[in-house]
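The values are calculated or read from the model by the stated rules, or taken from the named source; none is laboratory data. Everything numeric here is computed off the predicted structure, so don't read it as measured data. Note that we place each Cβ from the backbone using ideal geometry, even for glycine, and neighbour counts take in every protein chain shown. These accessible areas exclude ligands, DNA and RNA; they are computed on the full protein's heavy atoms, side chains included. Shrake-Rupley method; radii C 1.70, N 1.55, O 1.52, S 1.80 Å.
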2 protein chains.
Amino acid sequence: MNFKRLFFGPVLPNRDERARKIGALEGVPAMGLDGLGSSAYGPEAALTVLIPLGAAGTGYVEPITAVIVVLLAILYLSYRQTIRAYPSNGGAYTVAKANLGREASLLAAAALMIDYVLNVAVGISAGVAALISAIPSLQPYTLWLCLCILALVTLINLRGTLDAGRLFALPTYTFAGSFFILLAIGIYKAATSGPPPSAPLAQVAGTASAWVLMHAFASGCTAMTGVEAVSNGVGAFREPAVKYAHRTLTAIVLILGILLAGIAYLANAFHIAAMDQSQAGYQSVLSQLATSVVGRGAFYYVAIGSLLCVLALSANTSFTDFPRLCRTIAQDDFLPRPFAVVGRRLVFSVGIAYLALTAGLLLIVFNGITEHLIPLFAIGAFLTFTLSQAGMVVHWRREYAREPSSTARARMGINAVGALATGVAFVIILLAKFTAGAWITLLVIPAVMVLLHSVNRYYAGLKEQMREEAPLAIGAIESPTVLVVVEEWSRLTDKALTFAMHLSKEVIAVHLMALSGPDDVGKRQALEARWADFVEAPARAAGHTPPRLLVLQAQYRRMHEPLIRLLRKIETNHPGRPVAILIPELIKRKWWQYPLHTHRARRLRTKLLQCGSEQVVVINVPWFLEPVASAATVDKKDARAGTLHGASRPA
Amino acid sequence: MNFKRLFFGPVLPNRDERARKIGALEGVPAMGLDGLGSSAYGPEAALTVLIPLGAAGTGYVEPITAVIVVLLAILYLSYRQTIRAYPSNGGAYTVAKANLGREASLLAAAALMIDYVLNVAVGISAGVAALISAIPSLQPYTLWLCLCILALVTLINLRGTLDAGRLFALPTYTFAGSFFILLAIGIYKAATSGPPPSAPLAQVAGTASAWVLMHAFASGCTAMTGVEAVSNGVGAFREPAVKYAHRTLTAIVLILGILLAGIAYLANAFHIAAMDQSQAGYQSVLSQLATSVVGRGAFYYVAIGSLLCVLALSANTSFTDFPRLCRTIAQDDFLPRPFAVVGRRLVFSVGIAYLALTAGLLLIVFNGITEHLIPLFAIGAFLTFTLSQAGMVVHWRREYAREPSSTARARMGINAVGALATGVAFVIILLAKFTAGAWITLLVIPAVMVLLHSVNRYYAGLKEQMREEAPLAIGAIESPTVLVVVEEWSRLTDKALTFAMHLSKEVIAVHLMALSGPDDVGKRQALEARWADFVEAPARAAGHTPPRLLVLQAQYRRMHEPLIRLLRKIETNHPGRPVAILIPELIKRKWWQYPLHTHRARRLRTKLLQCGSEQVVVINVPWFLEPVASAATVDKKDARAGTLHGASRPA
């Protein structure tokens, strides 16, 4: 108990919910790390595609980035509208459900869920890869580093989104600040002194084909994944949630846009090209850029260090959004219900744990190197962008139909442009990366949708079976037959029999012979010898029908078999009469007591509940070894654990 | 279920006990493999000590073996008597308990238990080592081979001692037969043609010191461990158990004695010395002997192959005896009770599993090479020999005091010689192997004894607390307060409320709010809106006190906290009144249903039983999703599993 408290913090009461919401300051680290981190690999990915063009390639990076930044601006405007229109949860799932129908929403759900899981694995392994390219001696520990970072992010998120937002604020804002300074210095240098002497001579290797440019654009688009994050996590913000969500989105997009534009400008100005990762002496684009601008001083290490942190922690965005998305889907009965249950720190712990497990599995399977997963990842992101934007178009069309206004028309226009742009980008990415693995996503998404549907069918069947629209059907009260399982004459037996006689006039004590083996027959005689004096006489004296003692053979040394046989017999003789089986149970409170007992009571309870019938209930009569704690001490103990103080009050 | 049945066989009923006992034919493989296998390493160990003496060393092997064979004969006679005197279980523990007192018996218990665990690890790793010296390419798989053999022996023994005895009979008798033939041919050759040309020239390296001879004797004595096995497992034999146990003991000792004497004679005649195991070209003594006698033909491979099997399976002796020993100790409340419970195949499965786990752990820790454990192992064996023999001396002295007779005196003499001889051997082994690790045993044995005592103290305290010598104390019947946990209006709620009203006039329905999180408040209104019409009205109409609906806040999203608070309040207002908490529970019967539910009912039951008080009982009302199987179909299913057919009958 104390162990859990130490790691995850005390259990938070429902009333703390408001205090646990986040503002824009925590919102950027909580939801923006994915987006900000992509400023590192987006331009790098585009430049990598341009490597074959030689030095001329860097000339194309500016127009490509310009298109991406325009697309980013469109997405920004679109998502601002989405957040305002769906202030409780504006994710693609919700928007599609409201506007495009059930199947489209499940398509968005499947794409988003896969995307978030991939984002964790890809983000962490990209961060670790960057770390290793800085410190190559860490290479043998790749997988362990990945798993440690995953464990850290999981733990912090299980403590709550607020804790994660606060803790990760330092690296986030250090990264943004140091790269802003870096870009400013670089732009100043480039503007005043022209290209530095280190720049290689431009060597034209021919003009780029449209296909290469499209490919470079598609790769660069990975810089935009993460923009939808805020819309999926609006529920995490404090009121007015729309305001804080808007601020957060603005901050993220602004930082990202400036970084992208600045990096593209400087890459061209300083003639920085991507290097081949598989060759010795590899340096990332941002590392080359920082070296060119400020050299390898302390500032370089602060900037690159914070970049590594942002990359490694970019998984945090998934940890903020995935559990909230799953919760929404689970509330619609398309995911298991535990996803909708708030955990000890007022976050959806099951979703967090599930995300950590699946991402951890991916990391282990791919041994910590997940670059093959990157194509799969961009597909899902742009599919959900498109679905969300298309859903918003339908939304505004309906608004317009209800009440025609130029505002609604303008908004529809923005979302339509967004839908078109992201749709085109989706098709380009799909074509460009189809053979690189994007086709896998097209198989996995329908499979996930089938799973979601089958979960829904199960719950629908359950509801159908449990639903009752009629009032209580209570007939004549028939006293139940109570069977008491007795092992020997003890204080536990005494208590159980007394309680049984409180419940019913028909009490049968059942003793099972030879439970421990063929020669375990000694207790029967002792019990039979005492029955008349110890049970029947006092029961009669108190005016009760004395309980019978029934001895059964347990040929297979299992309690439930002869008991179920007896139950069937009672059912046949007295159809409809309720039967209660009373199981006395010694309560073990210390771990070392477990191997010292045979736990027959617990196994019997499980078996009886499994194999019982409609008429049968199981009654557990506990027996406490130590004198049970008084109400006062229990309250004190629970209060110390911070769990009961004022926890409940009868309404 | 079918998986278990496939691996372990169907569950055996108590009435099959007699049919599952073994005779002498199965007794030798079941209990004798340890003893027979030691014929391979006993002479080898003695000869290894003699290596420094050069060729002259083999000259000492005959007198040393002669002493060992005489000691073996004494042990044989002594253990025959022990078996007859304690026909149910004649192990050192029982003999010491009856004659030397509690502490001596626990000393024997600890020594025996350690010995059996070590025997498994040492036996298996010795067998694998022999296999690897024959096929060196298997060397990288040492640990895996050890664990596979351990798993095989464990599985067979979990199926029953009879199965193990039958299955292992083939290698056992092949080994005995082929080595008898080998010895016969060898003796014939040695007698007719003198030493073969391959024998090296005798080169006297000086006479042996007494210490070296003592050391060689102590090493050779490892050939005798396993002789006590039969006395520890008399309970496994069918009636008349003493007769079959005697036959088994005779067979084992006879085979072992002939092998030891024959090997010693031939080692001397053919001048076979031990080789240094750490050097290339190593061959074991028996392999050299077989090569010298019959060459490397098919016969050689049959003999050495069966020897490898016997060595690898020598662990089987422990699997026969250890669980039976633990059972006896557990019946005296010095080991946890599960050790005394007969498992599905009428053997003590917990003891078998425990033995496999601890031996497996030893194998893993020592990476499959356990030669360092051998000294520890001989100590325990000779300590128990001595205790058992000394106990028998006391036994016969008592017999003699009761009824003086020359038989009792003669028997006492035999056991006294046995005690003296094994006692001397124990001291020699202890001295000779003290620094080699025997001192560890002297630390571990007292530690185990302390553990046994603490288990006993726990059970004594338990008995003291549970014992009741008074009759049922039943006073005025007070109807219990029944609390019914309701989530929403459903058929399950209907059933639970109806049952509660069968039990008591005072029923309170408790609804817990916000269990899934702060905003989970919707069910309350629906429930409150229906209460009057659906519950109160029909209850009044049927003449019952209508159940109240109480809504509690679950601030910490745990059901038990507000409920326990309510319980404390009821207890304060109505001291001594029994309270029953009724928990409706959906029964899940398929594995895939588990992740789809929140399992609050089960957690609530556990918590209530843990934190409840003397007045509280917990009632489980099951709800079955599918129409519950009728008595007929359940019987059919259970009969198919071979578990219920005629399993029980009311006495």
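Against the conditions (1) closer than 30 Å to B:LYS569 by Cβ; (2) at pLDDT below 90, A:GLN615 satisfies every one except (1). Taken over region B:217-254, the residue count meeting the criterion of being modelled with pLDDT of 90 or more and among the charged types (D, E, K, R) is 3.
Inspect all residues belonging to region B:264-271 and state whether any of them is free of Cβ contacts under 8 Å to residues at least 24 places away in the same chain and part of a helix (DSSP H, G or I).
Of the residues in region B:264-271, the ones free of Cβ contacts under 8 Å to residues at least 24 places away in the same chain are none.
No, because not a single residue in region B:264-271 is free of Cβ contacts under 8 Å to residues at least 24 places away in the same chain and part of a helix (DSSP H, G or I).
B:ALA359 meets each of the listed conditions (1) open to solvent by 30 Å² or more (accessible area, probe 1.4 Å); (2) within 18 Å of B:THR320 (Cα to Cα) apart from (1).
Which of the residues belonging to region B:573-600 are part of a helix (DSSP H, G or I) and at the interface with chain A (Cβ under 7 Å from one of its Cβ atoms)? Spell out how you get there, then give the answer.
Step one: filter region B:573-600 for residues part of a helix (DSSP H, G or I), giving B:573, B:591-596, B:600.
Selection gives B:PRO595, B:LEU596.
Among the residues that make up region B:105-127, is at least one of them at pLDDT below 90, open to solvent by 20 Å² or more (accessible area, probe 1.4 Å) and not polar (S, T, N, Q)? The answer is yes, given that some residue of region B:105-127 is at pLDDT below 90, open to solvent by 20 Å² or more (accessible area, probe 1.4 Å) and not polar (S, T, N, Q). For region A:602-618, taking the residues that are open to solvent by 20 Å² or more (accessible area, probe 1.4 Å) and in contact (Cβ under 8 Å) with a residue 12 or more places away in the chain, the one that is farthest from the chain's Cα centre (by Cα) is identified as A:GLN615. Scan region A:488-502 for residues that are at the interface with another protein chain (Cβ under 7 Å from one of its Cβ atoms) and in contact with a Lys or Arg (Cβ under 8 Å, 6 or more places away or on another chain) and the total you get is 3.
A quick yes/no check of all residues on (1) surrounded by fewer than 16 Cβ atoms within 10 Å (Cβ to Cβ); (2) assigned by TED's automatic domain parsing to the domain that holds B:ARG337:
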{"site": "B:VAL424", "(1), (2)": "yes, yes"}
{"site": "B:LYS433", "(1), (2)": "no, yes"}
{"site": "B:LEU442", "(1), (2)": "yes, yes"}
{"site": "B:ALA447", "(1), (2)": "yes, yes"}
{"site": "B:HIS453", "(1), (2)": "yes, yes"}
{"site": "B:LEU472", "(1), (2)": "no, no"}
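Scanning region B:343-358 for residues that are of a type in the set (A, V, I, L, M, F, W, C), assigned to a loop (DSSP other than H, G, I, E, B) and touching a residue at least 60 places away in the same chain (Cβ under 8 Å) yields B:LEU346, B:VAL347.
Every test in (1) among the small types (Gly, Ala, Ser); (2) open to solvent by 10 Å² or more (accessible area, probe 1.4 Å); (3) at pLDDT 90 or above is passed by A:GLY391 save one, and that test is (2).
Can you spot a residue in region B:422-431 that is of a type in the set (Gly, Ala, Ser) and outside any loop (DSSP other than H, G, I, E, B)? Scanning region B:422-431 turns up at least one residue that is of a type in the set (Gly, Ala, Ser) and outside any loop (DSSP other than H, G, I, E, B).
Within 14 Å of chain B (Cβ to nearest Cβ) and among the aliphatic types (A, V, I, L, M): which single residue out of A:LEU335, A:LEU307 fits that description? Even if it seems obvious, please write down each step before you answer.
Details: A:LEU307 fails: within 14 Å of chain B (Cβ to nearest Cβ).
On inspection, the qualifying residue turns out to be A:LEU335.
Within region B:213-232, the set of residues being more than 24 Å from the chain's Cα centre (by Cα) and either of a type in the set (Gly, Ala, Ser) or within 16 Å of B:TYR93 (Cα to Cα) (or both) comprises B:ALA216, B:ALA218, B:SER219, B:GLY220. Restricting attention to region A:320-335, the residues that are open to solvent by 20 Å² or more (accessible area, probe 1.4 Å) and within 26 Å of A:LEU147 (Cα to Cα) total 2.
Selection over region A:431-487 of residues that are touching a Pro at 6+ places or on another chain (Cβ under 6 Å) and either more than 7 Å from chain B (Cβ to nearest Cβ) or closer than 30 Å to A:PRO375 by Cβ (or both) gives a count of 4. For B:LEU596, the stated conditions do not hold, so it cannot be described as open to solvent by less than 20 Å² (accessible area, probe 1.4 Å), touching a residue at least 40 places away in the same chain (Cβ under 8 Å) and within 19 Å of B:GLY517 (Cβ to Cβ).
Do we find a residue being under 11 Å from the mean Cα position of the chain (by Cα), under 25 Å from B:SER125 (Cα atoms) and in contact (Cβ under 8 Å) with a residue 24 or more places away in the chain anywhere in region B:325-337? Yes - at least one qualifying residue is present in region B:325-337.
Does region B:553-572 hold any residues that are of a type in the set (D, E, K, R) and within 13 Å of B:GLN615 (Cβ to Cβ), and which are they?
Those that are of a type in the set (D, E, K, R) and within 13 Å of B:GLN615 (Cβ to Cβ): B:ARG568, B:LYS569, B:GLU571.
When the test is whether a residue is within 14 Å of chain A (Cβ to nearest Cβ), among the aliphatic types (A, V, I, L, M) and buried (at least 16 other Cβ atoms within 10 Å of the Cβ), B:VAL28 does not pass it. Being open to solvent by 20 Å² or more (accessible area, probe 1.4 Å), at pLDDT 90 or above and closer than 14 Å to B:TRP623 by Cβ, is that true of even one residue in region B:564-584? Yes, there is a match, as at least one residue in region B:564-584 is open to solvent by 20 Å² or more (accessible area, probe 1.4 Å), at pLDDT 90 or above and closer than 14 Å to B:TRP623 by Cβ. Scanning region A:424-433 finds one or more residues that are modelled with pLDDT of 85 or more and not aliphatic (A, V, I, L, M).
Out of the residues in region A:1-20 that are at the interface with another protein chain (Cβ under 9 Å from one of its Cβ atoms) and of a type in the set (Lys, Arg), which is surrounded by the fewest Cβ atoms within 10 Å (Cβ to Cβ)? Looking at the filtered set, the residue picked out is A:ARG18.
Yes or no, residue by residue, for (1) under 19 Å from A:ALA421 (Cα atoms); (2) assigned to a helix (DSSP H, G or I):
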site: A:LYS4; (1), (2): no, yes
site: A:LEU12; (1), (2): no, no
site: A:GLY37; (1), (2): no, yes
site: A:LEU47; (1), (2): no, yes
site: A:PRO52; (1), (2): no, yes
site: A:GLY59; (1), (2): no, yes
site: A:LEU71; (1), (2): yes, yes
site: A:ILE83; (1), (2): no, yes
site: A:THR94; (1), (2): no, yes
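Going by the structure shown, is B:THR94 touching a Pro at 6+ places or on another chain (Cβ under 8 Å) and buried (at least 19 other Cβ atoms within 10 Å of the Cβ)? No: the conditions fail for B:THR94.
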